[in-house]
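Scroll down for the structure; my scribbles are underneath it.
The values are calculated or read from the model by the stated rules, or taken from the named source; none is laboratory data. Because the structure is a prediction, the values reported are computed rather than measured. Cβ sites come from the backbone with ideal geometry, for glycine too, and all protein chains shown count toward neighbours.
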Amino acid sequence: MSDPSPTTFATADYPLRPSSLPLLIRCALRAAVMHSDADLPADAGGVATDTGSAVHAAVEWWHATGDADALAKIRGTLGAKFPRADWDDAGRFVTPYTLDPRNAPASVERCEVPVALTLPAADNDPTGESIRIAGTLDQLRRDADGVLQVWDVKTSRTVGGWVLLHNHAIQLAAYTLAAAQTLREQVEPGGIIRAYGYRVRGAAGPETSPDGIFFHASWNSSSSLLLLDAVRTAVAVVRSGKPLPGPGEWCQWCPLGGLENCLLRARASSLAVTP
């Protein structure tokens, strides 16, 4: 039975996606309204979103088959799934990726792995209910010691690798702990693969394994628990029915459409917003 009340937020019936966690930390109000308001339109994405999805699908195919025509195969089989994708642009990511020796097909043990994580509620959570996070991680690679690492390919072209790593640190931490809990073995954060690094002006050829592509996480799985304490605290705030707005540049991508809309929707959703 559907129950989009604040107390059901991030429960087993309404799990959080790891990719949603950075925005949850930035704006708890957005997360609360998105959970409670069934009339909000789903985010259909755009050219960048579909192009990134096409790149990920082609990379997965590459690691599974070693097929040099991975992108063409994906376009032929899944093209309708990514109707807004710029396939020429996707090729500018995929081709150099396949030429980098660090990305040889066997370098990745598994791609697109469904994982789930259960976290205890924060001490101030009014429900006391466990927090459920579920999603599909990008890549699992093994390091020189045979330990699994979580890596994520990013196609963003507007920010550098260090910023990408920090922007997605909460997401990477969640995938790391979820993988360990799901697979029942040691898993550590690997980092971010900034695929646009192959395309920047003056970049060395991908066959030389250039710098500026692999950005390694500077924390381990134990520190990932500390990072996710921020999620536990934010969930407690949402479940309390008193989420706070966190406006910023991310408002331009939010389906709520900025403060002029989200504050009104919050009141309509019976969330505690000061008059």
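Annotations for the structure displayed:
- Matching entry among V159, V150, V163 (being assigned to a strand (DSSP E or B) and either more than 22 Å from A230 (Cβ to Cβ) or not charged (D, E, K, R) (or both)): V150
- Taking each residue of the stretch 1-21 that is more than 26 Å from D138 (Cβ to Cβ) and looking for partners that are among the charged types (D, E, K, R) with beta-carbon atoms closer than 7 Å, six or more apart or interchain, yields P6/R239; T7/R239.
- Just one of the numbered conditions (1) assigned to a helix (DSSP H, G or I); (2) surrounded by fewer than 15 Cβ atoms within 10 Å (Cβ to Cβ); (3) touching a Leu at 6+ places or on another chain (Cβ under 8 Å) is not true of E260: (3).
- One residue from D152, D143 being under 12 Å from the mean Cα position of the chain (by Cα) and touching a residue at least 24 places away in the same chain (Cβ under 8 Å): D152
- Looking only at the stretch 203-232, and only at residues there that are part of a loop (DSSP other than H, G, I, E, B) and over 30 Å from T118 (Cβ atoms), the one that is nearest to the chain's Cα centre (by Cα): I213
- When V200, V235 are checked against the criterion of being assigned to a loop (DSSP other than H, G, I, E, B), of a type in the set (A, V, I, L, M) and out of contact with any helix residue (DSSP H, G or I) (no Cβ under 7 Å at 6 or more places or on another chain), a single residue qualifies: V200.
- Single match in R17, R102, R84 (criterion: charged (D, E, K, R), surrounded by fewer than 14 Cβ atoms within 10 Å (Cβ to Cβ) and either farther than 30 Å from S130 by Cβ or out of contact with any strand residue (DSSP E or B) (no Cβ under 7 Å at 6 or more places or on another chain) (or both)): R102
- Scanning the stretch 167-197 for residues that are under 14 Å from N220 (Cα atoms), surrounded by fewer than 19 Cβ atoms within 10 Å (Cβ to Cβ) and of a type in the set (D, E, K, R) yields a total of 0.
- Residue in the stretch 117-138 that is assigned to a strand (DSSP E or B) and free of Cβ contacts under 8 Å to residues at least 60 places away in the same chain present: yes
- Cβ separations smaller than 7 Å between residues 6+ apart or across chains give the following pairs from the stretch 54-73 residues that are among the basic types (K, R) to residues that are surrounded by fewer than 24 Cβ atoms within 10 Å (Cβ to Cβ) and not in a helix (DSSP H, G or I): K73/D67.
- Identity of the residue in the stretch 238-257, among the hydrophobic types (A, V, I, L, M, F, W, C) and part of a loop (DSSP other than H, G, I, E, B), that ends up surrounded by the most Cβ atoms within 10 Å (Cβ to Cβ): L256
- Set A68, A85, A12: member being in the same structural domain as R239 (by TED's automatic domain parsing) and either over 14 Å from V153 (Cβ atoms) or of a type in the set (S, T, N, Q) (or both): A12
- Restricting V115, V47, V33 to residues that are surrounded by fewer than 14 Cβ atoms within 10 Å (Cβ to Cβ) and hydrophobic (A, V, I, L, M, F, W, C) narrows the list to V47.
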